[in-house]
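So the structure is just underneath, and the comments pick up after that.
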Amino acid sequence: MKSTPLAIPDVLLFEPTMFGDARGFFFESFHQAQFDTVVGRPGGASVNFVQDNHSRSAKGVLRGLHYQIQQPQGKLVRVVQGEVFDVAVDLRRSSPTFGRWVGEILSADNKRQMWVPEGFAHGFVVLSEAAEVLYKTTDYYALTHERAILWNDPEINIRWPIEGEPILSEKDKKAPPFSQAEHFA
């Protein structure tokens, strides 16, 4: 599996090695030892995934920008049907990339995965007629610690590849701007 650091080097793009023939294809979607070698936790500790999530959304649905202020979740995100534009926003005040974002197209066709570490907000918008997104998380979902940032905050200035307004949840419509959101140390 090939890994590429993005403009925010802690966010990584993974591309699998594909094996295919007339019958179809095969690839390893996750390999713990390879992942740990690339992600490089302090002291050589393994990344421990504790929860797998699966969502399905229609075209134009934007989910995000979400994070947990306590029990922060690292996420390994991939798409098994359709196509999304996946985004990570650095919320770590001590980081040189604080307040910056990166985005990549993830699709069932390109089979790419994006690693979004703890300390980032995450979101995506569906570009195809529908999309199914799978993601592994490093901590459990905790409603009391869940936070969101307004998807179109001008301070972050994410260039979402959509025309018009996305379809949002009530929670995401009411999310605070970046300047009023809780951040990490």
Item to complete: Sort out for me the Cα centre separation of region 16-69 from region 131-165, rounded to whole Å.
Response: 17 Å
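Rounded to the nearest 500, what is the chain's calculated 222 nm mean residue ellipticity when only DSSP H runs of at least 4 contribute -39500 (n - 2.57) each, over all residues?
Details: 2 runs with 12 residues, N = 185.
Taken over the chain, the calculation gives -1500 deg cm²/dmol.
Can you compute the charge dipole magnitude of region 79-185 about its Cα centre, using +1 on each Lys and Arg Cβ and -1 on each Asp and Glu Cβ, nothing else charged? Give it in debye, rounded to the nearest 20. Please report the intermediate quantities before stating the final value.
Values: 11 positive and 17 negative charges, 70 e Å.
It works out to roughly 340 debye.
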Response to the item:
Residue span residue 100 to residue 23: 0.36 nm per residue of separation minus Cα-Cα distance leaves a gain in nm of 23.4 nm
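Report the local net charge at residue 159: Lys and Arg +1, Asp and Glu -1, summed over other residues whose C-beta lies under 15 Å from its C-beta. If you can, show how the numbers build up before the last one.
Numbers: positive: 100; negative: 86, 104, 153, 155, 163.
With Lys, Arg at +1 and Asp, Glu at -1, the neighbours total -4.
Loop only per DSSP, at most 16 neighbouring Cβ atoms within 10 Å: give me the trypsin sites (Lys or Arg not before Pro) in region 81-116, ordered by residue number.
Values: sites: 92, 93, 100, 111, 112; in loops: 93, 100, 111, 112.
Sparse-neighbourhood loop trypsin sites (Lys or Arg not before Pro): 93, 100.
Assigning unit charges at the beta carbon (Lys, Arg +1; Asp, Glu -1) and nothing else, what dipole magnitude in debye, to the nearest 20, does the chain show about its Cα centre?
Working: 19 positive and 23 negative charges, 34 e Å.
Charge dipole, the chain, about its Cα centre: 160 debye, nearest 20.
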Worksheet item: So, in nm, how far is label residue 48 from label residue 1 when the simple model puts each one 7 Å beyond its Cα toward the Cβ?
Response: 1.9 nm
Worksheet item: Quick one: how many lysine pairs in the chain have C-alpha atoms under 26 angstrom apart, if they're 8 or more apart or on different chains?
Response: 17
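Please identify every one of the trypsin sites (Lys or Arg not before Pro) in region 118-185 that sits in a loop by DSSP and has no more than 10 other beta carbons within 10 Å of its own beta carbon.
Details: sites: 136, 147, 159, 171, 173, 174; in loops: 159, 174.
Here the trypsin sites (Lys or Arg not before Pro) that fit, given the DSSP loop and packing criteria, are 159, 174.
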Item to complete: Note down the net charge around residue 48, summing +1 for each Lys or Arg and -1 for each Asp or Glu among other residues with Cβ under 11 Å from its Cβ.
Response: 0
Worksheet item: Longest exposed-loop-site-free stretch of the chain, with chymotrypsin sites (Phe, Trp or Tyr not before Pro), DSSP loop and at most 16 other Cβ within 10 Å?
Response: 31-97
Item to complete: State the answer as a single residue: which of 145, 3, 106 lies farthest towards the positive end of the charge dipole of the chain, with beta carbon charges of +1 for Lys and Arg and -1 for Asp and Glu, about the Cα centre.
Response: 145
Worksheet item: Farthest toward the dipole's positive end in the chain, which of 134, 76, 158, given Cβ charges of +1 (Lys, Arg) and -1 (Asp, Glu) about the Cα centre?
Response: 76
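Taking 10 °C and 1.306 mPa s as the conditions, I'd like the Stokes-Einstein D for region 1-109 in µm²/s, using the Kirkwood hydrodynamic radius from alpha carbon pairs. Don't skip to the end; give the middle numbers.
Working: Rh = 16.1 Å.
It comes out at roughly 99 µm²/s.
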Worksheet item: Excluding residue 97 itself, what net charge comes from residues whose Cβ is under 15 Å from its Cβ, given Lys and Arg +1 and Asp and Glu -1?
Response: -1
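Every number here is computed from the coordinates shown, using simple stated rules; none is lab data. Predicted model only: the values in this text are computed from it and were never measured. Cβ sites come from the backbone with ideal geometry, for glycine too, and all protein chains shown count toward neighbours.
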